[in-house]
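Input: a single structure, listed below in structure tokens.
Coordinate-derived values only; no laboratory data. This structure is a prediction, so every number in the text was calculated from the model and none was measured. Cβ placement follows ideal geometry from the backbone for every residue including glycine, while neighbour counts extend to all protein chains displayed.
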Amino acid sequence: MRRAYLCGDDPLSGRNLDHRKQWLVTRFKFLAAHFAIDICAYAVMSNHYHLVLHVDKDRSEQWRDDEVVRRWTVLFPANGAMLKTLRKNNKTRVAQRQYQRTVNLWRERLRDISWFMRCLNENIARMANREDECTGRFWEGRFKSQALLDEKALLTCMAYVDLNPVRAGITESLETSDFTSIQERLIEHAKKVKTRTYRQHRLLTRRASQHLVGHRSPGQAQLKPLAGMMAAKGKGHELPITQQAYFELLESTCKAICSDEIEPDRRQQSVVEKSNLLQDFSIGPYAWLSGVLAFHRYYATAAGTETSLLHFHRSRIKAGVDYKHLHKWIRGTNSARLLYGT
């Protein structure tokens, strides 16, 4: 049986396995550069990791067939041999139809989160097994996923992920939250500032964050910009969020989480004082802190407001999802009412 701390300190052998966290970051950025999937937020912990992903279906539809083939064969080079055979026989209708079916299948997979996670987890498991000189299962089970149905759920979930090390008691600041997207965003911002503060200078000189300070490796995707994130309404409806507002919101939330002496009411007030962003999203202080502290407990398959959950349930029924009881209670509606109202 594998031990629990797959990326941290091994209490039995005394080995430190933090270098595997960099494996994960490097791998999912490499995959994001080839899939039609963007990384919105991430946090790599000692025995698990979190990802907030955005599937860009429109982008994949715009790829030409040869672009789809190029991207897929970078990930699975062995599949290129099959295409060579089909191209040699491209004058026959059977080969042409088979070629098009194959390309269409690969296009679908390049925007599929399940295939993204398969390419991520299998690669890390093989690397870890080689290092440990063993075989067998590395991850405990299949990944768990939730659909983020609206901007409130997206903002809350991103903060939940970014504040993972703070919530776990590993650190008390955003700058020292290693292997998180908020640390990476702060570093990228600090690199562009002409007159840096002491905190920014210290962040750029920290030994633990040097993998983010240097030049970006080729073939690595960048984080999805906060200003470019789309609302649930779809194309043309960007979220009312700026990078600076997000930094300030997480900074005040971090202080609230770490301030054990403060009464709950004062803790809520400390978040509201610096958070115009919460007002823009119409999220109350109690809902915000509750969501950030225990987002995973409130929802199951999907997360969002009550209206979003009901619409999601109806759309799945319309799409042909087989429910034994179509009008049964939808998990998360009570939580949605508690956190966001109706």
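A few notes on this one:
- Residue by residue, region 289-299 carries 3J(HN,Hα) couplings of 5, 4, x, 5, 7, 8, 4, 5, 8, 8, 10 Hz when phi is fed to the Karplus relation 6.51 cos²θ - 1.76 cosθ + 1.60 (θ = phi - 60°); x denotes Gly or Pro.
- Top of PRO240, PRO77, PRO225 by mean-square fluctuation, Gaussian network on the chain, Cα under 10 Å: PRO77
- Distance violations [Cα-Cα > 30 Å] among LYS84/LYS224; LYS192/LYS255; LYS29/LYS88; LYS29/LYS318: LYS84/LYS224; LYS29/LYS88; LYS29/LYS318
- Between ARG118 and ALA81, the C-beta separation translates, for a Förster distance of 22 Å, into a calculated FRET efficiency of about 0.60.
- Computed from the C-beta positions of GLN279 and GLU67 and an R0 of 45 Å, the FRET efficiency is 0.60 to the nearest 0.05.
- In plain terms, the residue of HIS19, HIS313, HIS211 with the fewest other Cβ atoms within 10 Å comes first and the most crowded comes last, giving HIS19, HIS211, HIS313.
- At 1.002 mPa s and 20 °C, Stokes D of region 1-94 from Kirkwood alpha-carbon radius, µm² per second: 130 µm²/s
- Exposure proxy order (Cβ contacts within 10 Å, fewest to most) of LEU110, LEU17: LEU17, LEU110
- One decimal place: the segment GLN243-HIS189 gains 18.5 nm when fully extended, by the rule 0.36 nm per residue minus the C-alpha distance.
- Computed over the chain, relative contact order equals 18 percent, with contacts defined as Cα pairs under 8 Å that lie 6+ residues apart.
- Cα-based helix-to-principal-axis angle, 264-273 vs the chain, degrees rounded to 10: 70 degrees
- Both numbers refer to the Cα atoms of the chain; Rg and Dmax are 22.1, 76 Å.
- Added length on full extension, which subtracts the Cα-Cα distance from 0.36 nm per residue, THR205 to ARG316: 35.0 nm
- Going from the residue with the fewest nearby Cβ atoms within 10 Å to the one with the most, VAL161, VAL193 rank VAL193, VAL161.
- Comparing ALA128, ALA78, ALA208 in a Gaussian network model of the chain where C-alpha atoms under 10 Å apart are linked, the largest mean-square fluctuation is found at ALA78.
- Helical contribution to [θ] at 222 nm, DSSP H n ≥ 4, -39,500 (n - 2.57), averaged over the chain, rounded to 500: -16000 deg cm²/dmol
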